[in-house]
Structures are given as structure tokens and as C-alpha cells.
Amino acid sequence: MPDSLMYQQDNFVVLETNQPEQFMTPSELLEKLKITLQQLIIQDLPPDLQKFDTVESQAQYLIDTSCELDIGPGKYLQWYAVRLEK
């Protein structure tokens, strides 16, 4: 039986074009994705995101199901759940 620790998402490492890697909490990543989604044209969103009514639900869906968002040619935004040791 898998350990429930495998599914905890307490921290994320975020990789973005021309930026150093950043460590974010789930709420910080949610805000980052909401801001990024608001800057995209709705027609540029993947079809699975267009079905959601709010930017917050789109961002939460991305956190729950994906690890990257296409934000334009030659640009990237990726996030991965990580465990930080104390």
C-alpha cells in the first residue's frame, strides 16, 4: 500500500523562462498560476481549461492534474511537488 506522504504537496519547485528556480507553497503557486492565466488570451488556453468558469478553478485544476502550462513560443512554466528536508 502506498504511503500517503507520496501524495502530499507541501512545496513546489517552479521553473520559468529566464528566471531562477523558486520554491513555493501550494497557495503561492495557485496565485502564480492565476496571474499567469489572466494574462493569457482565452482562446490560447488548453481546451480542458476552457470548461472552467473561474481563473481560480482553472489554476487549481492545473495544480491537481498537470506540471506545466504552455505560455507561448519559447516560454515555459513548470512546477513539481517536492519535499523539503528540515
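The values are calculated or read from the model by the stated rules, or taken from the named source; none is laboratory data. As the structure is a computational prediction, the values presented were derived from the model and not from experiment. Positions of Cβ are backbone-derived with ideal geometry, glycine not excepted, and every protein chain shown enters the neighbour counts. Keep in mind that these areas ignore ligands, DNA and RNA; they rest on the heavy atoms of the full protein, side chains included. Shrake-Rupley method; radii C 1.70, N 1.55, O 1.52, S 1.80 Å.
Side notes on the structure shown:
- Tally of residues being open to solvent by 80 Å² or more (accessible area, probe 1.4 Å) and farther than 19 Å from T17 by Cα across segment 42-64: 8
- Looking only at segment 12-36, residues that are open to solvent by less than 40 Å² (accessible area, probe 1.4 Å) and without any contact (Cβ under 8 Å) to a residue 24 or more places away in the chain come to 0 in all.
- Cβ-Cβ distances below 6 Å connect the following pairs, each with a first residue in segment 72-86 that is in contact (Cβ under 8 Å) with a residue 60 or more places away in the chain, a second residue that is among the aromatic types (F, W, Y) and assigned to a strand (DSSP E or B), and a separation of six or more residues or different chains: W79/F12; A81/F12.
- Counting only strands (runs of 3 or more DSSP E) wholly contained in the chain, the ones carrying 1 or more residues that are modelled with pLDDT of 90 or more, in contact with a Phe, Trp or Tyr (Cβ under 9 Å, 6 or more places away or on another chain) and acidic (D, E) occupy 11-16.
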